[in-house]
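The values are calculated or read from the model by the stated rules, or taken from the named source; none is laboratory data. Note that the coordinates shown come from a computational prediction; the quantities given were computed from them, not determined experimentally. A quick note on method: Cβ atoms are made from the backbone with ideal geometry, for glycine too, and the neighbour counts reach across all protein chains shown.
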Amino acid sequence: MVTMETLVSLCKRRGFVFQSSEIYGGTGSCWDYGPLGVELKNKIKRVWWRDFVQQRSDMVGLDASILMHPTVWKASGHVDHFTDPMVDCLECHHRFRADQLDELDWVHYCPATKGNKFTIPAGEACTHCQSRRTLCPDCGKGQLTPPRQFNLMFKTFMGPVEEDAAVTYLRPETAQGIFVNFENVLQSMRRKLPFGIGQIGKAFRNEITPGNFIFRTREFEQMEIEYFVNPHDTVEGRPADEYWHDRWIEDCRAWFLRYGVEAEHLRLHEHDRAELAHYSKRTADLQYRFPIGWSELMGIANRTDFDLKQHAKWSGKALTYFDEERKEHVVPYVVEPSAGVDRALLAFLADAYREEEVRGEKRVVLRFHPELAPVSVAVLPLLKKRDDIVRTALALRDELSRHWTAVYDDTAAIGRLYRRQDEVGTPYCVTVDVQTVGGSDRGEVADGKVTIRDRDSMEQIRVEASRLVAVFGDLLSGKSWADVAAGVGRA
Ligand SMILES: [Zn+2]
Ligand SMILES: [Zn+2]
């Protein structure tokens, strides 16, 4: 499996992800998506929205604001309970999560070796004096304060006066925006249970110890669904909420597989009693084998009627659904598939990364699913000194860019250009050559054809330039290279 260092370096070098505010020394755990990163991220969001919101008749979308009424966070429990235990070092003033101290390597000045400095692996004792860590793991000198609860919400002020009455928060999750709009969506869209509301948007958590590149950041983007079901209904002999919970787990897993994640890199982790939030009936995480090890990719929780009941209590509004059949008002149960865009991007990136050997040379290739690849097609001129070839290539790029992300590149020889596109995961390259344009003065006959090269097999086919849009229509909507190649004949 690829290391995180390799991914971070590739991401910077090729314009996927940059450290935020890098020229000022960077901002802790904030990252900026570069020209290729933003394309990849947008495509992940676009296919998620298409597959889970637009194509399903039981789903609608929403885009709630980031700043909400502060009481939302009282009702949701975030003001009182969204905390981590934090300790401070009295010497270096570094802060740590009290419950994660033993997961850090620690600095030790060993009394058994005249105070020599060692860095000891997380959770282990000193091999010289057998002592265990009691002081600050970073400086090895400072006492740590007793743990105190630290709220992870970013606080800010609404309006021009910085007073307590004006305090509000940057949302720590998009979910609450859906719950507070439950009644609005129900009435305006005349929905019947079960139905779901999907939303993509930024969320903010003031993590004490973020890290591992874009895996855990203080500002991140979520793709969340709240799926409302009638708890009195049964489906296939089972309570509706339990049935839909399983369905959503399967649908989410299938989605990651569909866009290229290897089945053996995904597994399900059921929360046991100790991990389970008090309102949750069952929560299952989809875990991915990240370069840092198996970690949560997304969670699918059965939140019961907790959220709607809490908001009904604090707002004084009835957040219920009228069950026509039973002639009664019910508070729906909620199944919540919640995924992070940044984490999904990291998983797709890690899974796509390959180092191959081609004719004795190393080839780095990102085998992105064609629908996710930041660049769908690169158009390359075989000779950049020939005006007619360059003109034709530029015109083809313009035409293709009306449908897909297409780039033109003439800054190197063709072999080098192919490798560069491989390294950013471009599934197809189009090459314009002498035969494409011809030249009567040189006695060259034009055939009007261009070469398409497939990233994964490195095979090439030759097709009429006028048919490119149709051919890519097939290739970029799921038709296999082998089928398309069989139709046009290999070069
Ligand atoms: Zn310290
Ligand atoms: Zn020691």
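Among the conditions (1) closer than 30 Å to Thr174 by Cα; (2) out of contact with any Leu (no Cβ under 8 Å at 6 or more places or on another chain), the only one that Leu104 does not satisfy is (1). The one condition from (1) under 24 Å from Phe16 (Cα atoms); (2) assigned to a strand (DSSP E or B) that Ile461 does not meet is (1). Note on region 396-413: residues that are within 27 Å of Arg46 (Cα to Cα) and not in a strand (DSSP E or B) total 11.
Of all residues in region 370-396, those that are crowded, with 19+ Cβ neighbours inside 10 Å and of a type outside the set (A, V, I, L, M, F, W, C) total 6.
Of all the residues in region 155-205, those that are surrounded by fewer than 16 Cβ atoms within 10 Å (Cβ to Cβ) and either among the acidic types (Asp, Glu) or under 16 Å from Thr83 (Cβ atoms) (or both) number 4. Within region 133-154, residues that are among the basic types (Lys, Arg) have Cβ atoms under 8 Å from residues that are within 14 Å of ligand 2 (Cβ to nearest atom) and assigned to a strand (DSSP E or B) in these pairs: Arg133/Trp106; Arg133/His108; Arg133/Ile120; Lys141/Tyr109, counting only partners at least 6 apart in sequence or on another chain. Out of the residues in region 373-413 meeting the condition of being hydroxyl-bearing (Ser, Thr, Tyr) and under 30 Å from Ala350 (Cβ atoms), tell me which one is farthest from the chain's Cα centre (by Cα). In this case the residue turns out to be Thr411. If the Cβ limit is 9 Å and pairs must be 6+ apart or interchain, which residue in region 1-27 that is closer than 22 Å to Gly425 by Cα pairs with which residue that is surrounded by 16 or more Cβ atoms within 10 Å (Cβ to Cβ) and hydroxyl-bearing (Ser, Thr, Tyr)? Taking only residues 6 or more apart or on different chains, the pairs are Met1/Tyr353; Val2/Tyr353; Thr6/Tyr353; Leu7/Tyr353; Leu10/Tyr353; Phe16/Tyr33; Val17/Tyr33; Phe18/Tyr33. Counting only strands (runs of 3 or more DSSP E) that fall entirely inside region 34-130 and contain at least 1 residues that are closer than 29 Å to Met223 by Cα and of a type outside the set (Val, Ile, Thr), the qualifying elements are 59-62, 83-88, 95-97. Look at region 86-121 and say how many of its residues are more than 16 Å from ligand 2 (Cβ to nearest atom) and either of a type outside the set (A, V, I, L, M) or closer than 18 Å to Pro210 by Cβ (or both). Matching residues across region 86-121 total 18. Looking only at region 385-407, how many residues end up being of a type outside the set (Ser, Thr, Tyr) and closer than 18 Å to Val471 by Cα? Of the residues in region 385-407, 12 are of a type outside the set (Ser, Thr, Tyr) and closer than 18 Å to Val471 by Cα. Only one of the numbered conditions (1) in contact (Cβ under 8 Å) with a residue 12 or more places away in the chain; (2) not in a helix (DSSP H, G or I) is not met by Leu186, and that is (2).
Restricting attention to region 414-441 and to residues that are part of a loop (DSSP other than H, G, I, E, B) and over 30 Å from the mean Cα position of the chain (by Cα), the residue that is modelled with the highest pLDDT turns out to be Asp433.
Put simply, of Thr134, Thr174, Thr156, Thr217 the only residue that is more than 26 Å from Trp48 (Cβ to Cβ) and more than 16 Å from ligand 2 (Cβ to nearest atom) is Thr156. Filtering region 103-154 to residues that are loosely packed, with under 12 Cβ neighbours inside 10 Å and within 15 Å of ligand 1 (Cβ to nearest atom) leaves Lys117, Thr119, Thr134. Each residue in region 230-273 was checked for being in contact (Cβ under 8 Å) with a residue 60 or more places away in the chain, closer than 20 Å to Ser338 by Cβ and assigned to a loop (DSSP other than H, G, I, E, B), and 2 pass. You will find that of Glu355, Glu399, the residue that is loosely packed, with under 13 Cβ neighbours inside 10 Å and closer than 26 Å to Gly478 by Cα is Glu355 and no other.
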